[in-house]
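**Student:** Please see the structure below; I have some questions.
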Amino acid sequence: MTQLALVIDLNVCVGCQACVTSCKEWNTSGSAGPMVDQNPYGTDPTGTFFNRVQTFEVGEFPNTETVHFPKSCLHCEDPPCVPVCPTGASYKRKEDGIVLVNYDKCIGCKYCSWACPYGARELDEQQQVMKKCTLCVDRIYDMTMTEDDRKPSCVKACPTSARLFGDIHDPESAVSLAIRESGGYPLMPEWGTHPANHYLPRRKTRIKIHEDELERADNPLKVDRQLPKPAMNEPTLDDVTTW
Amino acid sequence: MHPAFSVIFLTTLIGAAQGLFLALFTAQSYAAFKLLPQPDAHAFYGQGSFLALVLLVAGLVASFFHLGHPERAWRSAAMWRTSWLSREVIVLPAFMGLVFLYGLAHWLDWHPVLMTLPGGLPVDPTAILGVAGTLLAFALFICTAMIYACLKFLSEWHSPLTVVNYILLGGASGFTLAAAFASVTAPELVSFLAGWATIITLLGLVSRSASLYRNARLKPKSTLQTAIGIKHPRIVQKTQGFMGGSFNTREFFHGQPVAMLRGVKWFFIVAVFPVPLVLLLSAMHGGTAVLAVAFVVQYLGLLAERWFFFAQANHPQNLYYQSIA
Ligand code: SF4
Ligand code: SF4
């Protein structure tokens, strides 16, 4: 079994939106396109996107952290959007676990979008069919591309390498390794959708320093009390002498 | 959720039609057991079925406005194994067909005795069509309601009360319509039908109040913390990733002030239950105009009820779309 997925590292994402534009560019001209915009230059522009980067602020000023959060279809292993589709237009591929919509079968009833808790599906206003991330299924198997290019467009575009792509069912893949060793987690686990895409948390490098590592407890000068112990804010020998 | 008028009309119109059909066949069954006088079958059952059929067709037409590709609607019968929507798409035309045949049999006064039940009760084609139609009417109520009730993360809908409400509210409006219709075509049945309409409306009041009570106390399972997976009590969205609207901001938000929601709620509570109840009780022995008003008021109330049903449902995806910047 193969389950292709993205692993998105929130520790690295800088919210530059490169994946958003790269996704739109590839897919609007690819087999999932066009992804038409309405009113692109008007007051109320709107359009279909497979991938959005949102920004959240965590904490209270001044202790805040800005988290950029890329969001697209998570290719759930138990996708609630698929069984509800009355036409069978929405389906999950057995061979690689990608969840797709057949645009020739979709009647645009929007029921699948109601059944996705993540808001990952968008109805194309012009074509009136449901659209969503395809994991660049028209790219990753294209043998006319070099191996390096056979990756989703967003992964290729990310300047910080915040997006990893691979098979999460292969325990040795880079994505499995990242999930296992860097704390990868799924979104809204409470609904049992088992998203294939995972997110890596913010990580900080911290070291724990014990007091006796700063001040030697067994300092012979201290033990013998032969010299007056200098106060902590007194200059040290290093400050007052040149060796 | 954003209430779509196509779906509001679909569910209320076919609900009334199913209720009307059930009322017709209930009356026929009582009459068969000699518990009610035999009405003019041609006029009451025949024309009544065609009235139900008109409502069903109107509902079906309304539903097409919900689709992006109505010309492909036939495809939606494919996934009946998994999708309640697909099941509804199959049961609705089947029910329409049966209502048509049932009405036609009565219209043509086609009553050959096919067999006799123990006790000497003759069975004619209308009885068989009526039983089948009754089963399909209930199946259709269940399919329609399960479309909503099966979505587990829409907790306002994910409850058996949704199914009970669809059955009782559709039944109430159908029996009220049947009473109004009987006052013209079969006056001897008015008190029977108005009586049942009263009882079903009262039951509907109980179950709808129960769901209002339940929904007012729901605690959302998903939070911003589970949505983005960060453990911190204070998270605010700074941008949803775009400045204009998107499908996600249009489809899942009703966009109305709280006062509007509250107003619609009180309107439907008054228009679906007490007003028709008073009118039904006052017209137990006839009064076409009063009964017609009872149906119209109750139907308008049900439109508001369905609007509120959609508007009240809070989709977890809304957590991701809270701030434009
Ligand atoms: S994220 Fe939504 S659209 Fe994608 S597979 Fe999961 S439920 Fe379906
Ligand atoms: S909108 Fe299309 S893909 Fe979604 S449930 Fe309806 S027919 Fe299926």
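**Student:** Compute the FRET efficiency between A:Thr144 and A:Glu25 as 1/(1 + (r/R0)^6), taking r as their Cβ-Cβ distance and R0 = 25 Å, and round to the nearest 0.05.
**Tutor:** Working: r = 18 Å, r/R0 = 0.74.
The calculated FRET efficiency here is 0.85.
**Student:** Taking Rh as the Kirkwood radius computed over C-alpha pairs, what is the Stokes-Einstein D of region B:53-122 at 25 °C in a medium of viscosity 0.890 mPa s, expressed in µm² per second?
**Tutor:** So the translational diffusion coefficient is about 166 µm²/s.
**Student:** Mind listing the phi-derived Karplus ³J(HN,Hα) values for region A:144-157, rounded to whole Hz, using 6.51, -1.76 and 1.60 with θ = phi - 60°, and x for any glycine or proline?
**Tutor:** So the Karplus estimates, Gly and Pro as x, are 7, 9, 6, 4, 5, 8, 7, 9, x, 4, 5, 5, 5, 7 Hz.
**Student:** Name the residues whose placed amide hydrogens come within less than 5 Å of the amide hydrogen of A:Tyr199, ignoring near sequence neighbours (fewer than 5 apart) on the same chain.
**Tutor:** Here the answer is A:Ile8, A:Tyr185, since their amide H atoms fall under 5 Å of that of A:Tyr199.
**Student:** Straight-line reach from A:Lys94: which lysines have a Cα under 17 Å away, not including same-chain ones fewer than 8 places off?
**Tutor:** none
**Student:** Same structure, new question: Tell me, what is the FRET efficiency for B:Val57 and A:Phe61 to the nearest 0.05, using R0 = 51 angstrom and their Cβ-Cβ distance as r? Please list the in-between numbers first.
**Tutor:** Values: r = 60 Å, r/R0 = 1.18.
The formula returns an efficiency of 0.25 here.
**Student:** While we're here: Could you tell me the ratio Rg/Rh of region A:60-134? Both radii from Cα atoms, Rh via Kirkwood.
**Tutor:** Working: Rg = 15.2 Å, Rh = 13.5 Å.
Radius of gyration over Kirkwood radius for region A:60-134 works out to 1.12.
**Student:** Still on this structure, please answer the following. Taking amide hydrogens as modeled 1.01 Å from N in the peptide plane, which residues meet the under 5 Å criterion relative to A:Gly108, leaving out close sequence neighbours?
**Tutor:** Hits under the 5 Å cutoff: A:Met130, B:Gly68, B:His69.
**Student:** I've got another one for you. Counting only trypsin sites (Lys or Arg not before Pro) that are in a DSSP loop and have at most 12 other C-beta atoms within 10 Å, tell me the longest site-free stretch of chain A.
**Tutor:** On the way: sites that count: A:Lys94, A:Arg203, A:Lys204, A:Arg206, A:Lys208, A:Arg216, A:Arg225.
With a cap of 12 other Cβ atoms within 10 Å, the longest stretch comes to A:95-202.
**Student:** Further question on the same structure: Among B:Ala304, B:Ala17, B:Ala179, which one shows the biggest mean-square fluctuation in a GNM of chain B, springs joining Cα atoms closer than 10 Å?
**Tutor:** In this elastic network of chain B, the residue with the biggest mean-square fluctuation among B:Ala304, B:Ala17, B:Ala179 is B:Ala304.
**Student:** Can I ask one more? Binned at 10 Å from 0, what are the whole-percent values of the Cα-Cα distance distribution for the protein assembly as shown, short to long?
**Tutor:** That works out to 3, 15, 21, 19, 14, 11, 8, 4, 2, 1, 1, 1, 0, in percent per bin.
**Student:** Also, quick follow-up: Within region A:70-159, report the chymotrypsin sites (Phe, Trp or Tyr not before Pro) that DSSP leaves as loop and that have at most 14 other Cβ atoms within 10 Å.
**Tutor:** Values: sites: A:Tyr91, A:Tyr103, A:Tyr111, A:Trp114, A:Tyr118, A:Tyr141; in loops: A:Tyr103, A:Tyr118, A:Tyr141.
Sites meeting the loop and neighbour criteria: A:Tyr141.
**Student:** Would you kindly compute the Cα radius of gyration of region B:5-319 and its largest Cα-Cα separation (Dmax), both in Å?
**Tutor:** Values for region B:5-319 (Cα only, Rg and Dmax): 21.9, 76 Å.
**Student:** What is the magnitude of the charge dipole of chain A about its Cα centre, with +1 placed on the Cβ of each Lys and Arg, -1 on the Cβ of each Asp and Glu, and no other charges, expressed in debye to the nearest 20?
**Tutor:** Values: 26 positive and 34 negative charges, 124 e Å.
Dipole of chain A, to the nearest 20 debye: 600 debye.
**Student:** Based only on the alpha carbon positions, what is the Kirkwood hydrodynamic radius of region B:7-138, in angstrom? Mind showing how you got there, number by number?
**Tutor:** Numbers: mean 1/r = 0.0635 Å⁻¹.
Evaluated on region B:7-138, it is 15.8 Å.
**Student:** Roughly how tilted is helix B:160-185, in degrees to the nearest 10 and between 0 and 90, from the longest Cα axis of chain B?
**Tutor:** It works out to around 40 degrees.
**Student:** Can you figure out the FRET efficiency of B:Gln38 with B:Val270, using R₀ = 45 Å and their beta-carbon distance, to the nearest 0.05? Please list the in-between numbers first.
**Tutor:** Working: r = 38 Å, r/R0 = 0.84.
So, using R0 = 45 Å, E works out to roughly 0.75.
**Student:** Convert each backbone phi in region B:280-289 into a coupling constant with the Karplus relation 6.51 cos²θ - 1.76 cosθ + 1.60 (shift: θ = phi - 60°), then list the ³J(HN,Hα) values in order as whole Hz, x for Gly and Pro.
**Tutor:** Coupling constants for region B:280-289: 4, 5, 6, 10, 4, 10, x, x, 4, 4 Hz.
**Student:** Quote the charge dipole size of the protein assembly as shown about the Cα centre in Debye, to the nearest 20; the model charges only the Cβ of Lys and Arg (+1) and of Asp and Glu (-1). Kindly include the intermediate steps, with their values, before the conclusion.
**Tutor:** Numbers: 44 positive and 43 negative charges, 182 e Å.
So the magnitude is around 880 debye.
**Student:** Suppose the Debye formula is applied to equal point scatterers at every Cα of region B:188-325; what is log10 I(q)/I(0) at q = 0.10, 0.13, 0.19 Å⁻¹?
**Tutor:** For the requested q values the scattering log ratios are -0.51, -0.71, -1.09.
**Student:** Using a cut-off of 29 Å between alpha-carbon atoms, which lysines can reach A:Lys208, once sequence neighbours fewer than 8 places away in the same chain are excluded?
**Tutor:** Once the sequence-local lysines are set aside, what remains near A:Lys208 is A:Lys222, A:Lys229, B:Lys231.
**Student:** Please report the base-10 log of the normalised intensity I(q)/I(0) for region A:103-156, using a Debye sum with one equal scatterer per alpha carbon and no solvent, at each q in 0.23, 0.27, 0.28, 0.30 (1/Å).
**Tutor:** Listed by q, the Debye log ratios stand at -0.86, -0.97, -1.01, -1.09.
**Student:** Restricting to DSSP loop positions (anything but H, G, I, E, B) with no more than 16 other Cβ atoms inside 10 Å of their own Cβ, which trypsin sites (Lys or Arg not before Pro) remain in region B:209-271? Write out the running numbers ahead of the final one.
**Tutor:** Working: sites: B:Arg214, B:Arg217, B:Lys221, B:Lys231, B:Arg234, B:Lys238, B:Arg250, B:Arg262, B:Lys265; in loops: B:Arg217, B:Lys221, B:Lys231, B:Arg234.
Counting only loop positions with at most 16 other Cβ atoms within 10 Å, the trypsin sites (Lys or Arg not before Pro) in region B:209-271 are B:Arg217, B:Lys221, B:Lys231, B:Arg234.
**Student:** Under the Karplus relation 6.51 cos²θ - 1.76 cosθ + 1.60, θ = phi - 60°, what is the ordered set of whole-Hz ³J(HN,Hα) values for region B:122-139, x standing for Gly and Pro?
**Tutor:** The phi angles translate into x, 10, 10, x, 5, 5, 5, 4, x, 5, 4, x, 4, 4, 5, 4, 5, 4 Hz.
**Student:** Please give the contour-minus-distance gain from B:Leu212 to B:Phe138: 0.36 nm per residue of separation, less the Cα-Cα distance, rounded to one decimal in nm. Spell out each step's value before the answer.
**Tutor:** On the way: separation 74, 0.36 × 74 = 26.64 nm, distance 2.33 nm.
Once the chain is fully extended between B:Leu212 and B:Phe138, it gains 24.3 nm.
**Student:** To continue, here is another question. Quick one: length gained pulling A:Ser182 to A:Thr236 fully straight, 0.36 nm per residue minus the C-alpha distance? Mind dumping the intermediate values first?
**Tutor:** Working: separation 54, 0.36 × 54 = 19.44 nm, distance 4.16 nm.
Between A:Ser182 and A:Thr236, full extension yields 15.3 nm more.
**Student:** Using the eigenvalues of the Cα gyration tensor, what equivalent ellipsoid semi-axes result for region B:84-218 when each is taken as the square root of five times the eigenvalue, whole Å, largest first?
**Tutor:** 33, 20, 12
**Student:** For A:Lys110, which lysines qualify as cross-link partners when the Cα separation must be under 19 Å and same-chain residues fewer than eight apart are set aside?
**Tutor:** Straight-distance partners of A:Lys110: A:Lys92, A:Lys131, A:Lys132, B:Lys152.
**Student:** While we're on this one: Restrict the search to region B:6-77; then list the chymotrypsin sites (Phe, Trp or Tyr not before Pro) that DSSP places in a loop and that have at most 10 other Cβ atoms within 10 Å of their Cβ.
**Tutor:** Values: sites: B:Phe9, B:Phe21, B:Phe25, B:Tyr30, B:Phe33, B:Phe44, B:Tyr45, B:Phe50, B:Phe64, B:Phe65, B:Trp74; in loops: B:Phe33, B:Phe65.
Taking region B:6-77 and a limit of 10 other Cβ atoms within 10 Å, the loop chymotrypsin sites (Phe, Trp or Tyr not before Pro) found are B:Phe33.
**Student:** Also: Hey, could you pull the Cα Rg and Dmax for region A:1-84, both in Å?
**Tutor:** 16.2, 47
**Student:** Sticking to Cα atoms, compute the Rg of region A:1-151 to one decimal and its Dmax as the biggest Cα-Cα distance, whole number, in Å.
**Tutor:** Spelled out, the Cα radius of gyration and Dmax of region A:1-151 are 16.6, 52 Å.
A short reminder: the numbers here are calculations on the coordinates, not readings from a lab. What you see is a predicted model; the values in this text were computed from it and never measured. Using ideal geometry, Cβ is built from the backbone for each residue, glycine included, and neighbour counts are taken over all protein chains shown.
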